[in-house]
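FYI, it's all coordinate maths here, none of it is from the lab. In this text the structure is predicted, and so the values were computed from the model without any measurement. So basically every Cβ, Gly included, is an ideal-geometry build from the backbone, and we count neighbours across all protein chains shown.
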Amino acid sequence: MNTKFESRLAQGLPAMNAAALTRKKQAGVSISGLLVWSVVIAMIALLGMKVTPAVIEYFQIVAAVKAVSNDPGAKTSVAEARKAFDRRSTIDDFKSITAQDLDITKDGGDLVVSFAYENRVPLFANVSLLIYFEGSSRK
C-alpha cells in the first residue's frame, strides 16, 4: 500500500484519481479574490499618496511655529512674530496658513503661537477628504 489510491481502497473509501487528489490539496487565491484585494490595496495607496503632502505640510507648519516661538527677535512683539512666520512660510513654501491665521499670545515671558486650519484633499470625482489640523508651540 504505497500509493494513496491503494490506501483509500483499503479503507473502503471511493477511489480518486491523481488529478482529483492534487486539486483537493491545492490552496491559493482565485482571480476574483486577487482582483478584490488589488482594488483594496490600490485605494489605500491612493489615499496615502493624496494625504501624505497635507501631513508633511502640517509638520512643516508646526516646526515653523516652534521656531518662531523660540526666536529671540520674534519675542519682542506680535508683529515681529508674524513677520518671522512669514519669512519661514516663504522658505518652506506652505500655503495652507498665513501669519494672519496665527493666534499669538504671551504666557509669562514665553511666546505661545497656536493655529488651526482645515485642508480638503480631493480623492476622485466629487469625493474629498476633510482633515482638521491644529497645533501650538506648546505641544
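In table form, for the structure just shown:
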item	result
Spin-label model distance (nm) - Lys106 vs Lys75, 7 Å beyond Cα toward Cβ	1.1 nm
Per DSSP, loop trypsin sites (Lys or Arg not before Pro) in the range 36-132 with at most 16 further Cβ within 10 Å	Lys95
Cross-link partners of Lys83 among aspartates and glutamates (Cα-Cα below 19 Å; sequence separation of 8 or more within a chain)	Asp71, Asp92, Asp93, Asp101, Asp103, Asp110
Expected-Rg normalisation [2.2 N^0.38 Å, Cα atoms] applied to the range 48-136	1.19
Estimated FRET transfer efficiency when R0 is 35 angstrom, pair Arg138-Val39 (beta carbons, to 0.05)	0.25
Computed over the range 48-136: relative contact order in percent, which uses C-alpha pairs under 8 Å that are six or more apart	26 percent
